[in-house]
């Protein structure tokens with residue numbers, strides 16, 4: 001069953017204490033689809049790039065089964081570019097630059113073949129664009145949405161307009177606090193639920209994720225890794241794994257949401273072990289399954 | 001089977017956004033024993049107070065089954081006093097003052113009845129004092145030790161002298177990073193294991209705890225609470241619950257350590273719901289068991 005992801009495809013300039021990449025393949029839609037493809041064989045990407053975007057990157061995605069017919073390529077414009085620097089503890093990053101380029105006039109038109117996704121992922125993007133995509137598709141089984149502090153601060157009204165149409169909001173802890181105005185994440189999750197999304201997933205980086213759904217909480221840790229190279233895209237890959245898993249579920253209920261959360265966390269853990277999306281290129285389903293078993297050992301409380 | 005805890009008994013001045021307490025009952029040994037008593041009926045406290053310490057507080061502890069025969073009461077001296085202020089997000093606190101008073105000349109002499117504990121808890125204290133207690137008792141089944149940034153910075157040599165004799169070090173994440181010189185907690189845990197303790201428990205406050213034991217990791221989240229009043233003593237109560245649970249185990253192995261971690265987390269969650277040790281006063285075993293079941297729901301991955 002299909003996963004449709006709208007978001008960015010970008011050039012990322014990444015700097016961590018362990019290395020650097022210039023013009024690496026990046027963007028929320030890229031990470032979401034690159035992760036979702038492990039769980040779904042119908043993964044569709046909606047995004048825009050400029051004429052400077054290399055065929056090699058298109059091939060990196062297409063060869064991995066991602067449907068790129070929704071990738072608009074603009075002549076005479078440049079691809080969205082982001083540059084960031086991570087610090088030694090990897091929990092904080094500085095954005096060095098954000099060149100919107102093609103993104104500043106992105107008005108995606110969804111084609112017929114993409115209008116009935118089972119799972120719709122609204123990757124981090126202007127909520128106006130997210131809203132327009134939502135309005136163009138038939139009601140999916142689940143609408144999953146990400147956002148960031150920029151939209152919370154600059155377009156709160158647009159964001160609050162879309163939230164009632166969202167089933168599941170996936171945001172990080174500082175964003176959950178900012179959106180709700182509440183430091184306590186339990187209270188913050190409740191307040192966000194009051195804004196619309198009945199499922200709230202709070203990503204906490206190295207501390208894992210907290211999900212509030214069906215009146216209860218579920219937590220999953222981050223997989224303890226000794227060698228973290230680059231956290232870029234981990235949150236988007238998490239969302240892709242989460243969405244991809246749900247696309248294969250007959251029913252979306254608490255158990256399938258819990259499993260989806262673990263699948264998302266497992267895929268995110270592979271992402272951070274390498275730079276950019278490199279950790280997702282040659283990853284196998286068997287490796288993901290093995291890590292999910294490790295998650296079970298990591299968290300299962302013995303009945304002593 | 002017995003738990004012997006050496007540490008502080010103190011007057012705490014606590015200020016959080018939700019209230020204030022002056023001269024509240026506090027101290028690491030108090031919290032450890034107050035928590036361990038739920039799992040063990042032989043809990044012994046080793047600490048020192050001044051003649052200003054009220055009988056009422058002694059009764060608060062004694063009436064809950066804590067053996068206070070190792071509590072030294074010094075004439076003409078004042079009880080150790082600490083004052084701290086928590087901020088709105090409760091993850092950070094400022095120490096307002098630390099009046100060592102009786103603590104500056106604390107040289108505990110362990111009496112015959114306390115020399116064969118099953119579990120020895122070395123609460124946060126000068127490592128020289130911790131070492132002297134360790135040298136006075138017969139080898140326990142497990143030696144559990146806490147420390148803090150002050151001792152890591154000011155008496156690193158004394159600390160490194162005691163670590164090889166410690167089975168389990170329980171410290172918070174920033175202390176683990178400082179002690180090991182490593183930002184990555186997986187690497188930090190390995191480096192700490194090289195210093196002696198084969199079990200490392202890293203407390204992460206609202207993010208739960210990470211345990212490294214028998215070559216593997218285990219995680220437990222903090223219980224998601226809507227109403228946190230005061231984090232004071234949560235780490236010590238955690239250690240007390242952890243130690244108390246282990247004192248009742250025939251064998252200390254990975255499964256019993258995992259269960260101990262969950263018991264410690266459950267008791268810590270009750271601590272933070274009230275000021276000082278108030279949340280532990282009338283707590284029942286049934287309430288703790290109920291919360292442990294909730295922890296299982298919170299973390300158990302369905303086999304979908």
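Bear in mind these aren't lab numbers, they're just calculated from the coordinates by the rules spelled out. Since we're looking at a predicted model, the values are computed, not measured. Please note: Cβ atoms are built from the backbone with ideal geometry, for glycine as well, and neighbour counts cover all protein chains shown.
What is the Cα radius of gyration of region A:198-257 over 2.2 N^0.38 Å, N being its residue count? Kindly include the intermediate steps, with their values, before the conclusion.
On the way: Rg = 12.7 Å, N = 60, 2.2 N^0.38 = 10.4 Å.
So the Cα radius of gyration is 1.22 times the expected 2.2 N^0.38 Å.
Just to check, using Stokes-Einstein with a Kirkwood Rh over alpha carbon pairs, what's the diffusion coefficient of chain A at 4 °C and 1.567 mPa s in µm²/s? Before the final figure, lay out each step's value.
Working: Rh = 19.1 Å.
D = 68 µm²/s.
Please build a GNM for chain B, connecting alpha carbons under 10 Å apart, and tell me which residue among B:237, B:35, B:213 fluctuates the most.
The residue with the greatest mean-square fluctuation here is B:213.
Share of antiparallel DSSP beta bridges in chain B, in percent to the nearest 5?
40
In region A:46-173, what % of DSSP beta bridges are antiparallel (nearest 5)?
Here the antiparallel bridges make up roughly 35 percent for region A:46-173.
Could you check the spin-label model distance between residue B:141 and residue B:100? Points 7 Å from the Cα along Cα→Cβ, value in nm.
For the pair residue B:141/residue B:100, the computed spacing is 3.6 nm.
Where q = 0.16, 0.29 Å⁻¹, what log10 of I(q)/I(0) comes from the Debye formula for region A:1-47, counting one point per Cα?
The Debye formula, applied to the Cα set alone, gives -0.49, -0.95.
What are the semi-axes of the equivalent ellipsoid for region B:194-304, taken as the square roots of 5 times the Cα gyration tensor eigenvalues, largest first, in whole Å?
Sorted largest first and rounded, they come to 22, 17, 14 Å.
Per residue of B:218-229, what is the mean number of Cβ atoms on other protein chains within 10 angstrom of that residue's Cβ?
Values: counts 8, 11, 5, 10, 3, 3, 11, 4, 7, 3, 4, 0.
Mean partner-chain Cβ count within 10 Å for B:218-229: 6.
Calculate for chain B the 222 nm mean residue ellipticity that helices alone would give, adding -39,500 (n - 2.57) per DSSP H run of length 4 or more and normalising by residue count, nearest 500 deg cm²/dmol.
Calculated mean residue ellipticity at 222 nm is -10500 deg cm²/dmol.
Return the FRET efficiency for the residue pair residue A:227, residue B:282: r is the Cβ-Cβ distance, R0 is 45 Å, and the value is rounded to the nearest 0.05.
0.40
Considering only the protein assembly as shown, what is the antiparallel percent among its DSSP beta bridges, to the nearest 5?
Looking only at bridges with both residues in the protein assembly as shown, the antiparallel portion is about 40 percent.
Quick one: among A:250, A:23, A:74, which has the greatest mean-square fluctuation in a GNM of chain A with alpha-carbon springs under 10 angstrom?
Maximum fluctuation in the GNM of chain A, among the listed residues, is at A:250.
Where does the protein assembly as shown land on the Kirkwood hydrodynamic radius, alpha-carbon pairs, in angstrom?
It is 25.6 Å.
Using only the Cα atoms, what convex hull volume per residue in Å³ does region A:1-140 have? Don't jump to the answer; show the numbers that get you there.
On the way: hull volume 16.6 nm³, N = 140.
For region A:1-140, the hull spanned by Cα atoms encloses 119 Å³ per residue.
GNM on chain A, C-alpha springs below 10 Å: top fluctuator among A:41, A:255, A:67?
A:255
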